[in-house]
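The next block holds one structure in the form of structure tokens; read it before the comments.
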Amino acid sequence: MFLILGALRRLNVPMTTLREGNWRGHAPPPLGRDPEGKTLGILGLGGIGQNLKRKAEAFSMRIIYHSRSKLSEHVAGNAEYVTFEDLLARSDVISINIPLNADTRHLISTREFQQMKDGVVLVNTARGAILDEGALVKALDSGKVASVGLDVYEDEPNIHPGLKANPHAILLPHMGTWSVETQAAMEEKTIANVRRALETGSLRDIVPEQACL
């Protein structure tokens, strides 16, 4: 949600100019946009996508989603299930929340960017290689993508130089779980899984893409 808000408001530029002693810069940065009333397309309405949905609704965003299958109304709530192509075409903001596998590598590339609205905002906190970073840089440079918020990269810790050079890219070094509370929850889940495996021979809360490991 931080990346969505920051990318919508294009806060990277003024945060940089302020530290450089230039206040808002000369000329001032382009106006940002408010989240209210914007359509957020969530690609992957699993646990993380559902958590994001609840937060985005607090900012009065309209939610559409695409997952491998339509979810029950109990889970999806007021979020509208759409095709992948409709999500690309209708979203003001797109948030990627799907696993990386052979089917999702470079799922979003040149053709997909062409289907998006002009000035779309894109956020990826899932896996870097779901996005074709070369195509993303071209879309950013052309203005097709107004701004982007990234926490993951194709070849991390290496980052495409075009992303680092673009002032409308908010970049974080894979910090999604970097909090006291989240780290503690991960430790507790790991310990619970070890205990359950020893006591029952089974695990709980299996991440779907790891179930076959």
Sorted by chain and number, the residues with a modelled amide H under 5 Å from that of residue 80, at a separation of 5 or more or across chains, are 63, 64, 65
Among 155, 132, 118: highest mean-square fluctuation, GNM of the chain, C-alpha pairs under 10 Å: 155
Computed E for residue 187/residue 19 - FRET, C-beta separation, R0 30 angstrom, nearest 0.05: 0.30
Using Cα centres only, tell me the gap between the range 1-71 and the range 75-130 in whole Å. 14
Mind checking which of 184, 102, 76 has the largest fluctuation in a GNM of the chain, springs on alpha carbons under 10 Å? 184
In debye to the nearest 20, how big a dipole does the chain give about its Cα centre with +1 on each Lys and Arg Cβ and -1 on each Asp and Glu Cβ? 360
Size of the chain along its principal axes in angstrom, Cα-based, largest extent first? 65, 36, 33
Just to be sure I understand: of the beta bridges DSSP finds with both ends in the chain, what percent are antiparallel, rounded to 5? 5
Go through the range 170-178 residue by residue and turn each phi into a ³J(HN,Hα) via Karplus (6.51, -1.76, 1.60, θ = phi - 60°); whole Hz please, and just put x for glycine and proline. 8, 10, 10, x, 6, 10, x, 9, 8
Spatially close lysines, pair count over the chain: Cα under 20 Å, gap of eight or more or interchain: 9
Ranked 174, 74, criterion: other C-beta atoms within 10 Å, fewest first: 74, 174
The chain, Gaussian network, Cα under 10 Å: of 111, 24, 196, the residue fluctuating most is 196
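The numbers here are math on the coordinates, done by the rules we state, and not lab data. All of these numbers come straight from a predicted model, not from anything done at the bench. Here Cβ is always computed from backbone atoms with ideal geometry, including for glycine, and neighbour counts include all displayed protein chains.
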